[in-house]
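Worksheet for the structure shown next.
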Amino acid sequence: MTVTHSAPAAPPADGGAVILQASGVIMRFGGLTAVNSVDLTVREGEIVGLIGPNGAGKTTFFNCLTGLYKPTEGQVIFNGAVLPPKPRAVVLAGMARTFQNIRLFNNMTALENVMVGRYCRTSSMALTSIFRGPKFRREEAATRARAQELLDYVGLGRSSELLARNLPYGDQRRLEIARALATDPKVLLLDEPTAGMNPQETRQASDLIFKIRDSGIAVVVIEHDMRFIFNLCDRVLCLVRGETLVEGSPTQVQSDPRVIEAYIGTGDDDEDEGAST
Amino acid sequence: MSTVSTPTQIAPTPGYHPSRIDGLREQHGRLAWLLVLTGLVVLAAGCFLSWSYDPEILGNLSISFNPGSLQLFMLTAAVLALVYALAYRGPLRGLGVWIDSAKALMVLGIGALGFMAITLAVVAVTSSGLINIDPGGWVSLVGSLVLAVGGSLLERRPTKDTLHAQLPAWVEIGTIVVLMAMLLFGAAYALGQTDGNIFGLFLVFVVAVAWSLFAAGFFTWLGIVAQRHRRVLMLGAFAVAFLFPFTQNGSDANMSIATQVLIFAATALGLNIVVGLAGLLDLGYIAFLGAGAYTAATLSTSAFATIGWKPPFLVVVLLGAIVAATLGLIIGTPTLRVSGDYLAIVTLAFGEIFRLSMSNLDGNNGPDLTHGPNGIPAIPDLQIGSFNFGDEHTILGFSLGRFANYYFVLLVLALVIITVFSRLNNSRIGRGWVAIREDEKAAEAMGVNVFGLKLFAFASGAFLAGMAGTVKAHQDVSVTPDQYVFLESAFLLAAVVLGGMGTVAGVFIGATILKLLPEKLRFISDYRLLIFGVLLVLMMRVRPEGIIASQRRQLEFHEEDEALAERIEEVHLEEEAQT
Amino acid sequence: MLFLQQLINGLTSGSLYALIAVGYTVVYGIVQLINFAHGEVFMIGAFGSLAVWTIFFQGQTSILILIPMLLGAVAASVGVAVLMERFAYRPLRHAPRLAPLITAIGVSVSLQEIVRLFYPGAKSPLPYPQIDYVSGTALQLGDITLRRSAIFTVGALVVSAVFLWWFINRTKLGRGMQAVSQDPDTARLMGINVDRVIVVAFALGALLAGIAGVAQGLQTNSISQIMGFTAGLKAFTAAVLGGIGNVAGAVVGGLVLGVAESLATQFIPGAFGGTPWKDVWAFVLLIVVLVFRPQGLLGARVVDRA
Ligand SMILES: Nc1ncnc2c1ncn2[C@@H]1O[C@H](COP(=O)(O)OP(=O)(O)O)[C@@H](O)[C@H]1O
Ligand SMILES: [Mg+2]
């Protein structure tokens, strides 16, 4: 990945080649079907939004894409090849993610967190590490430099030696993005990257996501903040109860009465659930 | 603390105005300080008088103006107290800006009081009667009491953080060297004690002094210094370990203990890779040591060895390590599916399988590989070239016995293990292990090869233990299954846990505590296991990360502690700034 | 015939495993803690019953003595288990998992040592009293030998299982236990005293372990402070076999393990089949189950949340 700061114009929505194609993904937990045959196509250089009320299955869908869950049915094609549902294979293929409830390595420094992200792109093994030959030193230095570069990129350059758990909330989210970027992804999956942020931090986050997109990485983002989604996304997918309700341009989705209903309807849903359990 | 006596280097606290302290407290403070001075002078004076009527007790404490060793301890404590006192008020004020001398004095005073009380109690009990305590003993007891009281009455003043103290490099290196020398002589002295009481009192003294230095912030500073002069420290530690046998005049009694400690520590270090670095609990680790030992035994020239092939020892070492590592790989495979407590039980079961198999393979139940419960005795000493490890050798006029020979081999082995341990720790692999410990799912999602790294931890830990086992077989002369029971695994784990997870120094301390103390404190020998069990329970409540824990481990055990996290970050930043 | 004999032997030792295994499973189901020291609770039970006999009934053999002996066993093991929970485990409830496990090892060693050092004469194995009807000459049914203590053990398991079923499904505390094991947070919100439920779980496990202690004493005629180690490990195997957390599973697992073990001794051919390898095969079974079917025979497959 080359970090380009001069932003070229955003590519047209369906201009790039298809990089990620998930089809018919189903995930069942016992009797509960959390994701019910969802299709998703992502093209290079695109930002795709994933919206839907709480419990709609968005995070579960991410987990299926990244191999944390083995989908009950369906397959994920990445860059022309079928992705096995193994997290490591997914990352190696070029898809990285962040988590809704931040999952940093809390007791490592920011820099070390990002260096862990480089793990899959480096290769020093036991003997190299023990004998510390030139290859080892070169790779360590390169890893460190790259990690620092990424921290600078997301705006955390000065916090590199601070412990992740001591960082403010917004910085932790950005650190998670830097860690994901360290795996050299072609597609980045962000699970509610602005949850709990103030408006200013949200703006910074969307700037960052644009910057990432402009550097050639496709982004799939789960969000509840509609303004954020409509400013950011080329395409939006709305999930409700595990199924795709609508897919289309932000304006299409925004004006779709079913989407509005789904969001308004959730209040009732929640009450129902509360009463029945 | 005597080495930090260059107060000119340290600027006094800018914000400190004595005039602001009101007169009453000033007076009170001066009184306390005078108490401290009186106390330490009285304590020291007592040391020049006889403590005990009976010269046979606790070394010889009965000759006035010729202090015995216990009296010298208290003299040392008095001198240290003088340094603190003068740092509190007097010519060493510059030093006092950095160290919490009031607290240090209090701790030292209480420690000295405890020391004196135990000493006098021992004198009274062994010679049946308080009458046998000579006046000097009472004088010193009173002195230590006054010191303790004065110390606790002293006003505690805010101090600067020794973390940020900067001294010239030669002072820092000098400190390390002096400490190492003290370690060497302290260890030689302690091991030389055949009297459990003196040994115990020496421990009390060491703990009191160390605690007071800790209270003074000395160890914070030392930590940074150690970080800054890592090479010097390692070299120093190695020099101490290397020179130790030369202090023993060819006596094998202590060298035998020292080799036991060393082999135990080396094995525990291997376990620390598994537990401390990779965060996997292995309750059957002793099996790997056993695998190495049995390999060496069956391939040895013992008349009871069961395999005809007699390769040279270096080949045996490698083979033992490979056999153990293979077992490690097998034991590691379940990590793919099970984790946490389950894994611990799986390893425990593996350990038992190993032990039972070794005591079964006697020819009646399966092939005769191990001679069953009787094991393989009469394993000859190592012979490398013309150098026989069983013989006594003389080097530069120092005679070195059988155990000293093994000691040196084990030292080299320990060095290898330390190198492997710390290099793996500071590498891509080490980072991967930390990530797995912190959040396995997240690590996996970031592309860390979780299964591979766990397997590798098991295999490499086993490899190192296997190497140690091959030496152990020759040193112990015989190999039997009952040397490899679960309790031994528990002991190894305890060395790691008590000493400190993820650190080298911690494991050595843990190993020393667990192996040396029962040897020297014979009177506790029957209660050894009970103390061990209770210690584990208490440790998990009081300081689960161990005595010298890695900072990261400490954080992991105190997820809620914000202040600790801030503090460790501060230390880390200071270290980064230095290097 | 041989098969039947081995089946009976297996069911006997299996009943013992089952009685102990319940303790692992109940506690695990509620606090996700493997109470590694549970084997020692069993051992304490045996010593508790012996103490009652030695103090009050020395030299007597009446079957009626069995009742106070059982009470003594249960009192000792429940007492120890409750103290252990209160002072060793409870303070660590939110600590990393390593801490309670190491504590458990510490507790285990301490308990063994306390018994060895302070129970009169326990430095070597102590003979266990002979009781009318349940010890003594074995019954002979054709070719099959049926030991009296075996009948006692199986009987104890049957009674305990019925009691367990009743307790868990029919009492308020039992249902509280079920609630906590399914969702501790909600259970707490619904007003269940989780601390108390945890204590009850420990006590319940200890109750059966105490009974098992008596059964073991009657079977082997001698007890020692180390008897809890292997028995505990075997019982844990049984609990895993049945699906840890599943009470019925523990009973089934215990019986299956016992039977598998004795059949292995008899029917694995060659040198690796005899009694010396019995424990090895049990542990191999443990590992195989953990690796290939960690949820056990009766447990349901669970996806861990990511
Ligand atoms: N591991 C799991 N086991 C059982 N149910 C799960 C699991 N993971 C998610 N679910 C259920 O799947 C549904 C979708 O959850 P999720 O994907 O987190 O929703 P969203 O991210 O859209 O808010 C929820 O009802 C949740 O309880
Ligand atoms: Mg979600």
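The values are calculated or read from the model by the stated rules, or taken from the named source; none is laboratory data. Nothing here was measured: the structure is a model prediction, and the numbers come from that model. Glycine also receives a Cβ, built like all others from the backbone with ideal geometry; neighbour counts cover every protein chain displayed. Just so you know, the surface numbers come from the protein's heavy atoms only, side chains and all, with ligands and any DNA or RNA stripped out. Shrake-Rupley method; radii C 1.70, N 1.55, O 1.52, S 1.80 Å.
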Helices (runs of 4 or more DSSP H) (entirely within segment B:467-579) containing at least 2 residues that are basic (Lys, Arg): B:504-520, B:528-542, B:551-557
Residue list for segment B:336-358, filter: hydroxyl-bearing (Ser, Thr, Tyr), part of a helix (DSSP H, G or I) and open to solvent by 10 Å² or more (accessible area, probe 1.4 Å): B:TYR342, B:SER357
Of residues in segment C:205-232 being open to solvent by 10 Å² or more (accessible area, probe 1.4 Å) and of a type in the set (A, V, I, L, M, F, W, C), the one nearest to the other protein chains (Cβ to nearest Cβ): C:PHE229
Selection within segment A:196-222 - within 16 Å of ligand 2 (Cβ to nearest atom) and touching a strand residue (DSSP E or B) at 6+ places or on another chain (Cβ under 9 Å): A:VAL220, A:VAL221, A:ILE222
Some residue of segment B:97-115 being over 30 Å from the mean Cα position of the chain (by Cα) and at pLDDT below 90: yes
Search result, residues across segment A:88-103 that are crowded, with 24+ Cβ neighbours inside 10 Å and away from ligand 2 (no atom under 16 Å from the Cβ): A:VAL90, A:VAL91, A:MET95, A:ALA96
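Within segment A:58-89, restricting attention to residues that are of a type in the set (A, V, I, L, M, F, W, C) and under 23 Å from A:VAL240 (Cα atoms), which residue is nearest to the other protein chains (Cβ to nearest Cβ)? Lay out the reasoning, then the answer.
Taking segment A:58-89 as the starting set, the residues that turn out to be of a type in the set (A, V, I, L, M, F, W, C) are A:61-62, A:64-65, A:68, A:76-78, A:81-83, A:89.
Next, only the ones that are under 23 Å from A:VAL240 (Cα atoms) stay: A:61-62, A:64-65, A:68, A:76.
Details: A:PHE61: 12, A:PHE62: 9, A:CYS64: 10, A:LEU65: 11, A:LEU68: 4, A:VAL76: 15 Å.
Once the filter is applied, the top-ranked residue is A:LEU68.
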Tally of residues being open to solvent by less than 10 Å² (accessible area, probe 1.4 Å) and more than 9 Å from chain A (Cβ to nearest Cβ) across segment B:437-463: 6
Tally, over segment B:533-569, of residues that are more than 12 Å from chain C (Cβ to nearest Cβ) and within 23 Å of the chain's Cα centre (by Cα): 7
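Select from segment A:186-204 the residues that are more than 16 Å from ligand 1 (Cβ to nearest atom) and open to solvent by 10 Å² or more (accessible area, probe 1.4 Å) and list them in ascending order.
In the first step, residues of segment A:186-204 are kept if they are more than 16 Å from ligand 1 (Cβ to nearest atom); the result is A:186-188, A:197-204.
Once the filter is applied, which keeps residues that are more than 16 Å from ligand 1 (Cβ to nearest atom) and open to solvent by 10 Å² or more (accessible area, probe 1.4 Å), segment A:186-204 yields A:LYS186, A:MET197, A:ASN198, A:PRO199, A:GLN200, A:GLU201, A:THR202, A:ARG203, A:GLN204.
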Sole exception among (1) surrounded by fewer than 23 Cβ atoms within 10 Å (Cβ to Cβ); (2) modelled with pLDDT under 90; (3) within 11 Å of chain B (Cβ to nearest Cβ) for C:VAL240, by number: (1)
Residue selected from segment A:207-241 under the condition under 27 Å from A:ARG258 (Cα atoms), open to solvent by 20 Å² or more (accessible area, probe 1.4 Å) and assigned to a helix (DSSP H, G or I), by the criterion farthest from ligand 1 (Cβ to nearest atom): A:ASN231
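Do you know which residues across segment A:181-195 are at negative phi and within 16 Å of ligand 2 (Cβ to nearest atom)?
So the first thing to find is which residues in segment A:181-195 are at negative phi, and the list is A:181-183, A:185-191, A:193-195.
Those that are at negative phi and within 16 Å of ligand 2 (Cβ to nearest atom): A:LEU189, A:LEU190, A:ASP191, A:PRO193, A:THR194, A:ALA195.
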Selection within segment C:94-138 - outside any helix (DSSP H, G or I), surrounded by fewer than 14 Cβ atoms within 10 Å (Cβ to Cβ) and within 13 Å of another protein chain (Cβ to nearest Cβ): C:HIS94, C:LYS123
Any chance B:ALA511 is of a type in the set (A, V, I, L, M, F, W, C), more than 9 Å from every other protein chain (Cβ to nearest Cβ) and free of Cβ contacts under 8 Å to residues at least 60 places away in the same chain: no
Condition met for B:THR76 (under 26 Å from B:GLY196 (Cβ atoms), open to solvent by 40 Å² or more (accessible area, probe 1.4 Å) and assigned to a helix (DSSP H, G or I)): yes
Condition broken by B:ILE418, with the remaining ones in (1) within 7 Å of another protein chain (Cβ to nearest Cβ); (2) part of a helix (DSSP H, G or I) satisfied: (1)
Residue selected from segment C:63-93 under the condition within 30 Å of B:ASP561 (Cβ to Cβ) and open to solvent by less than 30 Å² (accessible area, probe 1.4 Å), by the criterion farthest from the chain's Cα centre (by Cα): C:LEU92
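Do we find that C:VAL158 is surrounded by 20 or more Cβ atoms within 10 Å (Cβ to Cβ) and of a type in the set (Val, Ile, Thr) in this structure?
On the way: surrounded by 20 or more Cβ atoms within 10 Å (Cβ to Cβ): no; of a type in the set (Val, Ile, Thr): yes.
No.
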A:THR60 being open to solvent by 10 Å² or more (accessible area, probe 1.4 Å), at pLDDT 90 or above and away from ligand 1 (no atom under 13 Å from the Cβ): no
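Could you tell me whether segment B:466-473 includes any residue that is assigned by TED's automatic domain parsing to the domain that holds B:ILE331, farther than 30 Å from B:LEU299 by Cα and surrounded by 23 or more Cβ atoms within 10 Å (Cβ to Cβ)? Quick ask: steps written out before the conclusion?
Pass one, segment B:466-473, residues assigned by TED's automatic domain parsing to the domain that holds B:ILE331: B:466-473.
Checking which are farther than 30 Å from B:LEU299 by Cα leaves us with none.
Checking segment B:466-473: not a single residue is assigned by TED's automatic domain parsing to the domain that holds B:ILE331, farther than 30 Å from B:LEU299 by Cα and surrounded by 23 or more Cβ atoms within 10 Å (Cβ to Cβ).
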Extreme residue, nearest to ligand 1 (Cβ to nearest atom), among residues of segment A:77-92 that are β-branched (Val, Ile, Thr) and touching a Ser or Thr at 6+ places or on another chain (Cβ under 8 Å): A:VAL90
Residue count for segment A:39-56, restricted to those that are open to solvent by less than 10 Å² (accessible area, probe 1.4 Å) and within 6 Å of ligand 1 (Cβ to nearest atom): 2
Residue count for segment A:53-84, restricted to those that are closer than 20 Å to A:VAL219 by Cβ and within 16 Å of ligand 2 (Cβ to nearest atom): 12
Unmet requirement for A:GLY74, which otherwise passes all of (1) at positive phi; (2) within 16 Å of ligand 1 (Cβ to nearest atom); (3) open to solvent by 50 Å² or more (accessible area, probe 1.4 Å): (3)
Residue in segment B:210-232 that is surrounded by 19 or more Cβ atoms within 10 Å (Cβ to Cβ) and closer than 20 Å to B:ILE118 by Cβ present: yes
Filter result (surrounded by fewer than 24 Cβ atoms within 10 Å (Cβ to Cβ) and closer than 22 Å to A:ALA126 by Cβ) within segment B:282-317: B:LEU314, B:VAL315, B:VAL317
Answer from B:GLY196, B:GLY143 - the residue that is open to solvent by less than 20 Å² (accessible area, probe 1.4 Å) and at pLDDT 85 or above: B:GLY143
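Checking the conditions here, which among B:ALA241, B:ALA266, B:ALA258 is surrounded by fewer than 24 Cβ atoms within 10 Å (Cβ to Cβ), touching a Leu at 6+ places or on another chain (Cβ under 9 Å) and in a helix (DSSP H, G or I)?
Values: B:ALA266 fails: surrounded by fewer than 24 Cβ atoms within 10 Å (Cβ to Cβ); B:ALA258 fails: surrounded by fewer than 24 Cβ atoms within 10 Å (Cβ to Cβ).
None of the other options fit; the residue is B:ALA241.
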